[in-house]
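**Q** Below is the structure I would like to discuss, written out as structure tokens.
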Amino acid sequence: MTISEDATDKICLEETWRPKRKTFKADLITDQKRLVRGEQLLAARTALRVRDEQHHREWRVLMLPGESPAEEVGAIRGLMPKAFIVAADRVESSLLAAAAVGVDEIVQVDLEAFEKRGVHYRPPAKIWALGKFDLILMDLCSNVNATMRRLFRIYFEKALTPNGVMVFNFSYGRDVAEVFIALVKRYPETLPLIPDTVRGRLLYLFGGYGAIRSVMTYRGAAMPMCSVLLQRGSWTGGQYSYVACEPGDFELAVTCPDPAIMYACPAERIEALRRTNGALKAAWTRKLKGLTDVKFCPWCGLETENEFWLNPIQGSSSRQR
């Protein structure tokens, strides 16, 4: 399926309406947003692991930090400990907040200040000079419009590495619904699992890109939101997931009384994992505090003072003697 570009694509950038910027404090981040963010980051990590055939690499991440980036940066660090995170924004306070929580680089730039090269556009010079990224997180809060569509297309095509991943968030419900209803009627067999209220906006933003892998809708601080995960260079062939978050989903995910049922994992194994992780955490904490010279077994990770564990060849020889 290919959706032809309409007249809105012919509007020059200087005349395109620019959405107003909204800022949300940490206490206005909803639990549904936290759930969606975690699930999409997990899916992004899985896609990058499949691409690179490695658990962790120094994946380059570009993010729009907003006023309260601590939770998002922490989630990225937890899932991708080797990631190189670049925070880009035109608002200085957002960049200072990102720097305070440990991003690797901050860039003050308007992400929509595209550079024109002939008949084509590319990201701003400051972003272009950094090279391409493995993961781009576009957490926007404006409604669907031509500027947002151009933003997606330029960064998706010009700023992502081959088979790189983009998570694109947008709000809906305060735009001209007739535009999207027309697209739903024109392409009735595209993205059939998704409700028409969301499907029309996806067709408008991502029409012609068969790279959608995950769609999640959730309640934001002030309006309904949609989060879309796309992978460049991959044609899903209609294989995508759609989840509409409901009240209580976040609480269920983090406080399920029986994780053995939730994750289909035997209770005995869960208890063993908890004991192992607790021992590792305690040993590592003591090592960081310098209370003792903790040594670790290279196979199981548990602390030990047995030299046989530290040097298996020497230990084997000692036993033979």
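**Q** Which cross-chain or sequence-distant (5 or more) residues have an amide H under 5 Å from the amide H of Ile136, H modelled 1.01 Å from N in plane?
**A** Amide H to amide H, under 5 Å and 5 or more residues apart or across chains, Ile136 pairs with Leu62, Val165, Met166, Val167.
**Q** Once amide H atoms are placed 1.01 Å from N in the peptide plane, what residues at a sequence separation of 5 or more from Glu115, or on another chain, have their amide H within under 5 Å of its amide H?
**A** HN-HN under 5 Å from Glu115: Arg122.
**Q** Can you work out the Karplus-derived ³J(HN,Hα) for every residue in segment 132-149? Use 6.51 cos²θ - 1.76 cosθ + 1.60 with θ = phi - 60°, whole Hz, and x for glycine or proline.
**A** 9, 10, 7, 9, 10, 10, 9, 9, 9, 10, 8, 7, 6, 7, 5, 5, 5, 5
**Q** Quick one: what are the phi-derived ³J(HN,Hα) couplings along segment 166-179, Karplus 6.51/-1.76/1.60 with θ = phi - 60°, whole Hz, x for glycine and proline?
**A** 10, 10, 10, 10, 8, 9, 8, x, 10, 9, 7, 5, 4, 4
**Q** Find out how many positive minus negative residues lie around Trp128, taking Lys and Arg as positive, Asp and Glu as negative, among other residues whose Cβ is under 11 Å from that of Trp128.
**A** +4
**Q** What is the magnitude of the charge dipole of segment 7-255 about its Cα centre, with +1 placed on the Cβ of each Lys and Arg, -1 on the Cβ of each Asp and Glu, and no other charges, expressed in debye to the nearest 20?
**A** Charge dipole, segment 7-255, about its Cα centre: 620 debye, nearest 20.
**Q** Turning to a different aspect of this structure: In sequence order, what are the phi-derived ³J(HN,Hα) couplings for segment 181-187 according to the Karplus relation 6.51 cos²θ - 1.76 cosθ + 1.60 with θ = phi - 60°, rounded to whole Hz, with x for glycine and proline?
**A** 4, 5, 5, 4, 5, 6, 10
**Q** Report Rg (one decimal) and Dmax (nearest whole number) for segment 105-153, counting Cα atoms only, units Å.
**A** 11.6, 31
**Q** What span do the alpha-carbon atoms of segment 7-255 cover on each of the three principal axes, reported in whole Å from largest to smallest?
**A** Result, largest extent first: 51, 46, 38 Å.
**Q** Given H placed on each backbone N at 1.01 Å, which residues far from Ser142 in sequence or on other chains put an amide H within less than 5 Å of it?
**A** Ser171
**Q** Here's something else I'd like to know. Once label points are set 7 Å from the Cα along Cα→Cβ at both Arg57 and Lys126, what is their separation, rounded to one decimal in nm?
**A** 2.8 nm
Read-outs throughout are calculated quantities, based only on the coordinates presented, and are distinct from any laboratory measurement. Nothing here was measured: the structure is a model prediction, and the numbers come from that model. Glycine also receives a Cβ, built like all others from the backbone with ideal geometry; neighbour counts cover every protein chain displayed.
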